[in-house]
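The values are calculated or read from the model by the stated rules, or taken from the named source; none is laboratory data. Predicted model, so just to flag it, every value in this text is computed and none were measured. All Cβ positions, glycine included, derive from the backbone under ideal geometry; neighbour counts span all protein chains shown.
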Amino acid sequence: MNIHLQLNLARADFEVSVDMQLPAHGITVVYGPSGCGKTTLLRCVAGLEPSARGVVQLGHEVWQDDAHDVCLPTHQRALGYVFQEASLFDHLDVAGNLAYGHTRAEKQSRNAMSRAVQQQVIELLGIGHLLKRRSHELSGGERQRVAIARALVTQPRLLLLDEPLAALDHARKQEVLPWLEKLRDDLNIPMLYVTHAVDEVARLADTLVVMNEGRVQANGPVAEVLTQAELPVVVGEDAGALLTGIVLNIDTQWHLAQVGFAGGALWVRDSGLAIGQTVRLRVLARDVSVTLHEATHTSIQNHVPCVVDAITPDAHPSQALLRLRCGDTVLLARVTARGVYELGLQVGMPAWAQVKSVALVK
């Protein structure tokens with residue numbers, strides 16, 4: 001089952017035009033700079049933009065198809081919407097806010113969640129101890145967890161999240177991210193998640209949609225999209241690759257963990273990992289260099305055989321961005337153009353990637 005979005009919204013000074021198929025599972029992150037049309041896209045999916053034209057279809061469920069004169073109003077679309085600011089009712093406690101979401105589902109003639117499933121949502125988001133608190137007694141992170149829970153008790157077929165962490169400081173953001181990961185891993189509800197933060201892309205995205213000026217620049221599995229050297233999605237210091245691997249070994253003496261992936265293995269700092277655990281790794285292009293032979297007598301611990309897959313100019317003429325294929329995995333390396341020349345690097349040439357630093361993002 002897929003989500004089909006073919007939408008156009010034209011205004012005097014702005015236009016959003018998309019045509020894409022998205023998987024109806026996991027988290028699809030819609031990423032791009034402020035003003036590129038991310039929130040407008042979500043509003044079109046939710047039916048909040050009356051002038052939007054096109055198709056919104058979730059599997060066989062059609063919410064909008066202007067060619068067949070179909071356009072369900074927002075309250076008839078089985079969706080949950082979480083905004084940047086948690087819009088809770090201040091006169092109700094947390095339990096009352098959740099009860100409102102449950103009642104709303106019944107009024108919309110949906111099959112409202114059973115109390116047992118509602119309790120599962122409470123446990124999943126860790127808000128059981130907050131049920132008697134009013135919204136003004138909650139931290140920013142707690143408010144957003146309650147807002148997500150309230151959206152879930154309407155039993156949505158699709159969950160829309162519009163920069164839900166943007167209003168939180170770093171500490172509160174780190175508090176909420178693990179709960180969003182848990183939702184992604186434990187619930188079978190597809191999510192469209194808007195953000196302009198790279199760290200949220202790295203931790204949450206299964207599928208990545210990159211928007212700019214109302215158009216989709218790239219769309220696909222997050223690891224593939226992030227390593228498009230010809231059209232780099234993330235430029236500057238945040239350019240890099242996202243890897244998924246399994247913990248193979250723990251070096252207790254040096255507090256390191258070895259993570260294997262399709263094409264090699266990397267040592268990372270051990271933060272209480274377990275052998276067999278699946279983790280995500282973020283390798284920034286600035287932390288990868290290239291040698292023609294495996295380096296010895298170096299403090300760099302990670303050396304991965306690779307093939308040069310692409311060489312493209314970087315933002316500054318002194319630098320180049322290399323796309324390195326390590327088996328089925330791709331890394332990016334930012335090196336000097338002079339280094340490319342002096343090593344005689346060419347597409348298809350075997351080489352070694354030296355990875356100075358690896359960030360564990362899950």
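Structural remarks
- Taking residues in the stretch 351-362 that are within 18 Å of S299 (Cα to Cα), and partners anywhere that are among the acidic types (D, E), the pairs with Cβ atoms closer than 6 Å and at least 6 places apart or on different chains are W352/E294; K356/D287; S357/D287.
- Leading residue by the ranking (surrounded by the most Cβ atoms within 10 Å (Cβ to Cβ)) among those in the stretch 170-220 that are part of a loop (DSSP other than H, G, I, E, B) and of a type outside the set (A, V, I, L, M): P190
- Taken as a whole, the stretch 267-282 holds at least one residue that is under 14 Å from T227 (Cα atoms) and touching a Ser or Thr at 6+ places or on another chain (Cβ under 9 Å).
- Only one of A95, A105 that is in a helix (DSSP H, G or I), assigned by TED's automatic domain parsing to the domain that holds T154, more than 29 Å from the chain's Cα centre (by Cα) and at pLDDT below 90: A95
- Filter result for V56 (within 27 Å of L165 (Cα to Cα), surrounded by 14 or more Cβ atoms within 10 Å (Cβ to Cβ), at pLDDT 95 or above and within 21 Å of the chain's Cα centre (by Cα)): no
- Residue among E213, E230 that alone is at pLDDT below 95 and on the phi < 0 side of the Ramachandran plot: E230
- Any hit, the stretch 340-350, residues being outside the structural domain of L204 (by TED's automatic domain parsing), loosely packed, with under 13 Cβ neighbours inside 10 Å, in a strand (DSSP E or B) and at pLDDT 95 or above: yes
- In the stretch 235-248 there is at least one residue that is in contact with a helix residue (DSSP H, G or I) (Cβ under 9 Å, 6 or more places away or on another chain), closer than 30 Å to I3 by Cα and outside any strand (DSSP E or B).
- Qualifying positions in the stretch 33-63 - within 10 Å of V16 (Cβ to Cβ), among the acidic types (D, E) and outside any loop (DSSP other than H, G, I, E, B): none
- Some residue of the stretch 246-267 being outside the structural domain of G141 (by TED's automatic domain parsing), closer than 30 Å to G128 by Cβ and not charged (D, E, K, R): no
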